[in-house]
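Enquirer: I'd like to ask some things about the structure below.
The values are calculated or read from the model by the stated rules, or taken from the named source; none is laboratory data. Here the structure is a predicted model, which means the values were calculated and not measured. Heads up, the Cβs are rebuilt from the backbone with ideal geometry, glycines too, and the neighbour counts pull from every protein chain shown.
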Amino acid sequence: MGIKEKKYPFNKKLKTIKFKAGSNLEAKKYDRHHLKWFSSEYSNCNFDFYSFLFYFEDYTIYKPHMNKITSWFSSVKKKNTKDLVLHFRMKNRLVWETHYKNFIKPKRYKQIIKDNFNFERLYIVGDMEKWKYISKNDVIKVQREISIKYRKNPTKFISADKSVEYMNEIIDNFKEFDPKLHHSKRFIDDFSFIRSFDKIMFKNSTFAWWAAFLSQASQVGVFGPWKPNKGKNKNRNLGRTDFPGWFSWGKIDDLLNPLLIE
């Protein structure tokens with residue numbers, strides 16, 4: 001990320017709270033009530049984190065510190081002010097059953113873009129190598145890749161046919177935008193590319209959320225329901241971020257399978 005390391009040694013006089021988990025999924029039990037770790041009762045404690053990350057997906061934590069956080073990152077060159085950049089992550093989100101519940105109807109996706117942005121060219125930042133129609137064999141290849149990368153994740157795959165149908169419908173509906181794919185082997189390059197735009201749109205990606213946060217773009221559209229498949233008690237508020245220029249788009253009825261959301 002280009003941020004210089006800064007170490008904070010433990011103060012042996014303070015109580016140390018340790019967390020340990022074998023996987024991120026197991027670690028989520030510590031994250032269910034994440035705000036409590038910021039409360040005053042823990043202000044004089046050391047924290048010892050082992051082999052997992054917390055998911056502090058709460059924009060109100062960062063809102064008071066926007067300028068300070070932005071100062072930690074290298075600046076990005078002049079923004080692209082005429083075009084729109086859309087972060088469109090696929091791979092595991094194309095094949096996992098949990099993400100299938102959050103698929104947006106391709107026609108609605110297209111219409112939402114047209115209703116909310118005036119732009120000359122659509123750029124898409126994603127983890128696919130090419131923006132093209134896919135086949136069943138392409139999906140099977142992704143499934144194999146995901147199975148290796150996320151060995152300990154028990155999430156089931158949807159049928160390859162469903163993945164093919166959805167992706168190809170998206171390709172069809174986005175044709176009129178003549179989108180240009182930006183894909184880099186280094187995630188920081190994609191991150192910086194998103195930051196260089198003045199018009200940004202994304203669904204439920206924290207990667208894109210942080211890029212937009214650091215972009216100071218004048219127009220940022222984030223999927224309002226965020227991750228509706230998690231339910232009201234487990235979902236986070238990033239889809240309702242109210243920074244200057246930000247707005248929420250989409251609703252449950254825009255999902256391909258709204259009845260799957262409890």
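Enquirer: Restricting attention to the range 208-226, does a residue exist that is in contact with a strand residue (DSSP E or B) (Cβ under 9 Å, 6 or more places away or on another chain), over 23 Å from residue 70 (Cβ atoms), in contact (Cβ under 8 Å) with a residue 24 or more places away in the chain and of a type outside the set (A, V, I, L, M, F, W, C)?
Expert: Taking every residue of the range 208-226 in turn, at least one turns out to be in contact with a strand residue (DSSP E or B) (Cβ under 9 Å, 6 or more places away or on another chain), over 23 Å from residue 70 (Cβ atoms), in contact (Cβ under 8 Å) with a residue 24 or more places away in the chain and of a type outside the set (A, V, I, L, M, F, W, C).
Enquirer: While we're here: The conditions are (1) aromatic (Phe, Trp, Tyr); (2) within 18 Å of the chain's Cα centre (by Cα); (3) closer than 16 Å to residue 256 by Cα, and residue 150 fails exactly one of them. Which is it?
Expert: Looking at each condition in turn, residue 150 falls short on (3).
Enquirer: Follow-up. Quick check on my filter: what residues within the range 113-148 are loosely packed, with under 15 Cβ neighbours inside 10 Å, charged (D, E, K, R) and either in contact with a Lys or Arg (Cβ under 9 Å, 6 or more places away or on another chain) or without any contact (Cβ under 8 Å) to a residue 12 or more places away in the chain (or both)?
Expert: Correct list: 114, 115, 120, 121, 141, 144, 145.
Enquirer: OK, next. Would you confirm, using the coordinates I've provided, whether residue 213 is modelled with pLDDT of 95 or more, of a type outside the set (Val, Ile, Thr) and more than 13 Å from the chain's Cα centre (by Cα)? Break it down into steps so the answer makes sense when it comes.
Expert: Values: modelled with pLDDT of 95 or more: yes; of a type outside the set (Val, Ile, Thr): yes; more than 13 Å from the chain's Cα centre (by Cα): no.
It is false that residue 213 is modelled with pLDDT of 95 or more, of a type outside the set (Val, Ile, Thr) and more than 13 Å from the chain's Cα centre (by Cα).
Enquirer: Follow-up. Run down 137, 118 and say which single residue is more than 19 Å from residue 95 (Cβ to Cβ) and over 22 Å from the mean Cα position of the chain (by Cα). First the steps, then the outcome.
Expert: Working: 137 fails: more than 19 Å from residue 95 (Cβ to Cβ).
One residue alone meets the criteria, 118.
Enquirer: Among the residues that make up the range 184-202, is at least one of them in contact (Cβ under 8 Å) with a residue 60 or more places away in the chain and within 13 Å of residue 109 (Cβ to Cβ)?
Expert: There is at least one residue in the range 184-202 that is in contact (Cβ under 8 Å) with a residue 60 or more places away in the chain and within 13 Å of residue 109 (Cβ to Cβ).
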